[in-house]
Every structure is written in structure tokens, then in C-alpha cells.
Amino acid sequence: MELKNPPQCLAVNRFIRNFAARIAKELAMNRVLIPMTLFLMLAVSCSDHRLVGRMDNIKSVGNSNPKLAMLMLDSIQSEIGRASKYVRMKGMMLEIRLRDKSFLNATTVDSAKLIVEYFDRHGSKYDAAEAHYYAGSAYRDLKDMPHALQHFLLAEKLETQAGAHDSLMLVIIYSNLMNAYFYVQDYHHALEMALKEYDIAKASNLIDPVTLMEVAKSYGMLGDDRMSCKYLKEALDMVLASGIEKGHILGLYGMLQDFSSMKMTEEADSCYALIQRTDVPPYPKALGNYYRLKNKADSAIACYKDAMKASKDLFDTYDAARRLYYTYKEDVGNKDSICKYAHLYIKIADSLDLGKRQEMASTINNQFQYARNIEEEAMIKEENNRIRLWLYTAIGTIVMLSLLFCIYHILRKNRHLNELLELSEQLTETRNDAEALKHEISDYKSQLSKSEESLSATKQELTRVNNEIAHYEEELRHKEQQLAEKLDENRRFILLLHKADLEANAEDVVKAIRKASEGKYTMTSAEWQKLYHAVDELQPDLSEKLAQKIKGFTEQQQQICYLLSIGLSNAQIENLTGLPHVTVWRWVKKFDWI
């Protein structure tokens, strides 16, 4: 290559030589300072690596027990505060992650902004994707869906650019994108995100009923009831096949709500039956839809009102008011209530300003797509330049490799000759070693024969000891059998004594209970047990009849049955159990055969 400015090049070369000489002089004068600096840098690096390893362990614990993980993180906060900025930012992101796992809503986005700003500049694409995801989660908790969408989209972009994808992270990102689009009523994009989540979850064996519910919900809002019904049934079949797990409860309520809205009575009944087997608090809005399907308008209205009272989200209040309006309008016909909830429905709709939300979400989406297109064009240009550079480099490399191959071929011939000479010497040494090995083998054989004789004597001694152990074991079994017989006799004798004592006291217990029932009296657990024993002595077949006629009766039902068996009236039963009059009357009527 021809130099266009030789004087300037000479000046640059002179400057480089002077600078290198100065560095060499400084190194020679600071022989102690440099090793100490290197040692300190190494120590800090090892400490950071150890802290990052501990934080990774805390992160894995947080997947199943976030509260314990938060305690573990608090215990090393002082060490993190003294570490490098990278470790501090990792610690801050881990804290945000654990709070998100613990369902603690973010109250500010300051920490999320810090980690996004840092990892966008200094972290890997995985770190940056995770930072943007948690920033989106913070904005989502603060109901700022346009900014949440912006960060979730960036997280999805960085995660897909990172190469080897983290399937679980992508599933969570697409789930949040679906919900964010759904919140601003952009149902087409919500369906797109839900289908991407479904495809990745299915390919990674991470599919669950909630994923299927999100696809069904998006199809339902776009008016495609056939596809919505298909995914809802698939979700219900998954729950029926795998059993009710903790994460399926909200999904069951969602299925109950959607099946009821689509008038699919059989599937709604199945969901309701599964929910009845759980002990979680009810979800009023879903139960309201079910009661409305079953033509129980009053129960549906009560559930929708409970949903309005319990809701802390304006959108949920809007939905409950809308359902109350349609229930009064279509099922009840109460004009005052229709006007009341129509007014509330419109008022909340104005507060939500759904049109503005859709416009903001659309603007964010278009801006993101435009930026992505500009970036893709720059990447294509950079790729073309890189290909051209690689082509020139490849031609030069081929020429250099040809020369190196010729040199290598000559050197390889000489090396093979030297290797042949070395192999000949090694062969001679191996023959000598083989002769020595033969002598050692003969010595080992003689030692082995002596060991075999000693082993046979040991085996005989072991056989004798085993025979003695078998004899002692037989005697021990005989003694244990005799002891078991004695214990059985003692147990029967104690039971006979206990039974005689109970028979003497049974009528006294019944009389005491009857006397207590004349006024308000709260019986203790021990007093109830005495009553059960007394009635079982006086009426031995009562408990067997209860078990045959009543499947899975509760403790309160058992108490009423036993009080009925000793002839107490409804009022006396109310005094002892504290149950409402209607409940006692219903159960006494049910158990009148006693």
C-alpha cells in the first residue's frame, strides 16, 4: 500500500517508540507497585465472582421461595454495597425480581431506570433483556401501559437477538405483552403475543392452562368464539388430566367466567365443580357470570356488587358496573337500577379514556417498529461491509496458508524421521521392561497362592460365626413373640377396665349435656368427646349408621346428629352449637331418621 503522507507517518512512529520506552522505564521503577496493583485487582475480581455466584443461587431459590430468597439477599447487602458497580446493579435487579416474584407491586420506577441505563451500556443482551423486562413490570404495576409496552418490546427484541433463547423468559415476556395490549384494548396485537407465547411454551414443554386461557381470551375479544372455545376446552382438559394445582385456581375462575359468558353450561358446571373442591376465596365476577347462566339473577347481582366493593382497579370496577347494567336490563328489569348502573358504567368509561389508551399504545408500537426497521437497515449495511472485509481477508489468508503449508510439509518430514529414531529407542526399552515384568508376575503368583490359603481358613471361621448368629436370632424371635403376647394381654385388660368406667359414666354425661342445653352454653372440645363416647356406649350402632347414610359429614353435622340422638330440641341444639336457627332447622329435618 502506498503512503500518502510519509512525514506524518514517521512522526507517528517516533511518538510510538518514545511512548513505549517511557512505559518500559516506569515498569522498571515500579517493580513493587505493579504486583500489588495486580494482586488487588485479582482480589476484587474474585470477590465479585463469588458474590455473583451467591446471587445466582439466591435467584434459583427465589423461583420457588421468594420470601426466603429476599432474606438471603438482605444478608449480603453490605457486601454488595462494597463491590463493583456491575455487582451492585445485579443486586438491584435481583431485588426487583424477588419483589415481582412475591407479588409486591412496584411503587416507583427509579431502580428499574438505573438498571436499564447501566445494562444497556455495560451488560450482555441477556442482562439488558432482563432489565427491560423488570422495568416493564414496574410500569405495569403503576398502570402506565404504554411505557410498559415499550420496555416489554425491547426485552423481547434483546432476548431474541441474544442467540440461545431463554424459553421461560420469552414465555413470561410474551404473556406480559399480551396482557398489556389487552389492557389498552389492542386485541389483534394481544392475540399475536398470546400465540407466540403458546408456540414457545409448547415447544419447551412449559405449556399450562393459563397460557391457553390467554389465547382463548384474545380470540374471544376479537369475536372468534370457535377458536376461543377450542383453547378453553384444551385448558379444562389439561386441568382435569393433571389435577388441581395451586397455579390453576385463577385459571379455573377465568374458564368459569368465559364458559358462562359463551353459554356453555356443561363446561361451566365442570369448572364450578372443580372450584368447589378448593378452599381459596371466591372470585365474585366469575361466580356472577355462572349464576347468571343458571338463571340466578339475584345471586349474580350480589356477586357483581361484591366485585365492585373488593376491586382496587378502575378497569375491574368498570367491568363489574357494565355486567350489573346488563343483568338488571336483561334479567331483572328494574328501571331505577338500570339507570343507576348505566350512569356509573358511562362515568367510569369516561374516566378510563380507552380511546386515548389505544392511541398511545399504537404510537408506541409504531415508534418501536420504525426504530427496528432503521436498525435492521444499518445491520444489513454493516453485514455487507463485513462480508467484503472477510472476502479480502480470506484471499490474503489463502496465500499465507499456502506458504505455511509448504514450510509445514518440510518440517513435518524432518519431525517424522526424528520420531522414528525415538520409537526405535523406546522399543528397546520396552523389551527390557517386559522381561522385568515377567519376573514380577511370577513373584505375585506365589504370593497369591499364599493369600488363597489364608482366605479359605477365614471363610471357614466366617461360616462358624454365621451359624452362631442364626442360632441367636432364632432365640431372639422366640423371646419377641412371647413379649408381644404379654403386651396384647395387658392391652385387652386395660380396654376392659376403660369400657367399664365409660358405661358407669355415660348416663351422667348425657344428663349434664341436657342440663347445659337449657341455656346458652359453649361446649369445649373435651366435652364434645365425652358426649361422643357416652352416646357410642348407649347406642353402639349410631356411628355405623352415620357412616353408611352420610358421606363426608362435617364436625357440626356430627354434633347435631349426636345431640338429636339424646333427644334434644332445636332450641337446645342452637344453645349448645351456636348455629343459626335456619341451619339447625334444615339439618334436623335432614337427619330426622335419627
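The values are calculated or read from the model by the stated rules, or taken from the named source; none is laboratory data. This one's a predicted model, so the numbers in the text were calculated from it and none came from an experiment. We place every Cβ from the backbone using ideal geometry, glycine too, and count neighbours over all the protein chains shown. Each accessible area value is taken on the protein alone, full model and side chains, heavy atoms only, with ligands, DNA and RNA left out. Shrake-Rupley method; radii C 1.70, N 1.55, O 1.52, S 1.80 Å.
Residues of the stretch 310-334 that are more than 23 Å from residue 140 (Cα to Cα) and open to solvent by 60 Å² or more (accessible area, probe 1.4 Å): 322, 326, 329, 330, 331, 332, 334. If the condition is being part of a helix (DSSP H, G or I) and either over 47 Å from the mean Cα position of the chain (by Cα) or within 14 Å of residue 521 (Cβ to Cβ) (or both), then the stretch 557-584 contributes 559, 563, 564, 565, 570, 571, 572, 573, 574, 575, 576, 577. Take the conditions (1) more than 54 Å from the chain's Cα centre (by Cα); (2) open to solvent by less than 100 Å² (accessible area, probe 1.4 Å); (3) at pLDDT 80 or above; residue 500 misses just one of them, which is (3). Checked against the criterion of being open to solvent by less than 50 Å² (accessible area, probe 1.4 Å), within 50 Å of the chain's Cα centre (by Cα) and at pLDDT below 85, the stretch 545-555 contains one or more residues that satisfy it.
Before we move on, is residue 178 in contact with a helix residue (DSSP H, G or I) (Cβ under 6 Å, 6 or more places away or on another chain) and either charged (D, E, K, R) or crowded, with 19+ Cβ neighbours inside 10 Å (or both)?
Criteria met by residue 178.
Checking the stated criteria, residue 273 turns out to be modelled with pLDDT of 80 or more, open to solvent by 40 Å² or more (accessible area, probe 1.4 Å) and within 27 Å of the chain's Cα centre (by Cα).
Among what's in the stretch 285-308 and is polar (S, T, N, Q) and in contact with a Phe, Trp or Tyr (Cβ under 9 Å, 6 or more places away or on another chain), pick the residue that is surrounded by the fewest Cβ atoms within 10 Å (Cβ to Cβ). In this case the residue turns out to be 299. Across the stretch 220-229, the number of residues qualifying as surrounded by fewer than 19 Cβ atoms within 10 Å (Cβ to Cβ) and part of a helix (DSSP H, G or I) comes to 5. The residue that is modelled with the highest pLDDT, counting only those in the stretch 335-351 that are hydroxyl-bearing (Ser, Thr, Tyr) and open to solvent by 30 Å² or more (accessible area, probe 1.4 Å), is 345. Please verify whether the stretch 225-239 includes one or more residues that are within 22 Å of the chain's Cα centre (by Cα) and closer than 22 Å to residue 141 by Cβ. Looking for residues that are within 22 Å of the chain's Cα centre (by Cα) and closer than 22 Å to residue 141 by Cβ, one finds none in the stretch 225-239, hence no.
Residue count for the stretch 291-322 satisfying the condition of being among the β-branched types (Val, Ile, Thr) and either under 25 Å from residue 105 (Cα atoms) or out of contact with any Gly (no Cβ under 9 Å at 6 or more places or on another chain) (or both): 1. Look at the stretch 286-299: where a residue is more than 19 Å from residue 333 (Cβ to Cβ) and among the polar types (S, T, N, Q) and a partner is open to solvent by 20 Å² or more (accessible area, probe 1.4 Å) and part of a helix (DSSP H, G or I), sitting 6+ places away or on another chain with Cβ atoms under 6 Å, you get 289/257; 289/261.
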